[in-house]
1. What is the calculated FRET efficiency for residue 172 to residue 136, with r their C-beta to C-beta distance and R₀ = 41 Å, to the nearest 0.05?
2. Enumerate the amide H contacts of residue 257 below 5 Å, restricted to partners 5 or more residues apart or on another chain; note that Pro and chain-start residues carry no placed amide H.
3. Find out how many positive minus negative residues lie around residue 229, taking Lys and Arg as positive, Asp and Glu as negative, among other residues whose Cβ is under 9 Å from that of residue 229.
4. Among 222, 259, rank each residue by its count of other Cβ atoms within 10 Å, from fewest to most, as a rough exposure measure.
5. Return the distance in nm (one decimal) between the two label points of a simple spin-label model at residue 232 and residue 218, each offset 7 Å from Cα along Cα→Cβ.
6. With label points built 7 Å along Cα→Cβ from the Cα atoms of residue 27 and residue 262, find their separation and express it in nm.
7. Arrange 238, 173 by Cβ neighbour counts within 10 Å, fewest through most, would you?
8. What is the fewest-to-most order of 202, 194 by other Cβ atoms lying within 10 Å of their Cβ?
Amino acid sequence: MTDKPSGRRRADVEINILESRQTRHALRAEKRAAKLDRKHFAANPPSNPITALGIVAAIPKTRFSKKASVRTTLVMSVIAGVTATAALPAYAYGPAITAVSGFTQSGITEIGDAQSMSLLRETALNFERGSYGLMSASEVERMTNRNNYLGYKGLTAIDLASSPNFVDLTSEDILKVAAKYVGTPYVLGGELPTGLDCSGYTRLVFAEFGILLPHSVIAQSHDPHLKRVNRSDARPGDIVIMNNLSHEGIYAGSGMFYHAPQRGDRVKLAPIFTDNYYIVRVIK
């Protein structure tokens, strides 16, 4: 059995135990005091960032994206971009499409009053901002030609036939009128100076001589104003009609004829592209 400490050693042990107990009591007291302080300051936060202990409260950091200067810059950039977009014209196309579609001044046909009317109609094209999509140059040209055609306010074939510009049917005058409409865009069903198809073209040309032909290759082939002649007797100013009644034009001599070819093309002088045709002559 171990002997109990005695004398001075026993006194040292008792003192150490006493000090340990006092230290634990002190720590508990400090923790209680700190807890009470936290509750007090939580319920009563100081209005001054400088506390009684002279400690300055930390200033919270502001995120970069929430800084006033950064936000102002971003807002101004967005506003500038929206303004620039809204300022763009709705028909802003690339140079290639613009050139082909006829928006430039050089694309306006020079046919009497058709020049001013063409310019007016080109500016009348409507596109809803925000609803447009990609368009090919051919689609833009077709829309432009159709709008020009629908907006035409000048003389029609009926008007010309009732008040003709020529009295006699001569080869020279017929070719002169036929050449006047060279460059007019092809428009299906067109019979105006701003848009023509093949039978609409011959109808418009001969209307200037007081003869109103029907607007159809089939109907013209049976019209009493047309007389069939041998190909060997053909002369400039006669009408070339395809055997299957699919196309026609005005004979210009030497195997050439004026005609309105097809969609996407224009009235032009070109070789007769087939041997399957016959010749008719317009008579009064």
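1. Values: r = 41 Å, r/R0 = 1.01.
The computed FRET efficiency comes out at 0.50.
2. Amide H neighbours of residue 257: 252, 270, 272.
3. On the way: positive: 227, 228, 231, 235, 281; negative: 233, 238.
Cβ neighbours under 9 Å give a net charge of +3.
4. Working: 222 9, 259 27.
So the residues, fewest neighbours to most, are 222, 259.
5. Each label point is offset 7 Å from its Cα along the Cβ direction, giving 3.3 nm.
6. 10.1 nm
7. Working: 238 24, 173 16.
Ascending number of Cβ neighbours within 10 Å: 173, 238.
8. Numbers: 202 28, 194 23.
Ordered by Cβ neighbours within 10 Å, fewest first: 194, 202.
Rule-based calculations on the coordinates, nothing more; no lab input. Predicted, not measured: the structure shown is a model, and the values here were computed from it. Heads up, the Cβs are rebuilt from the backbone with ideal geometry, glycines too, and the neighbour counts pull from every protein chain shown.
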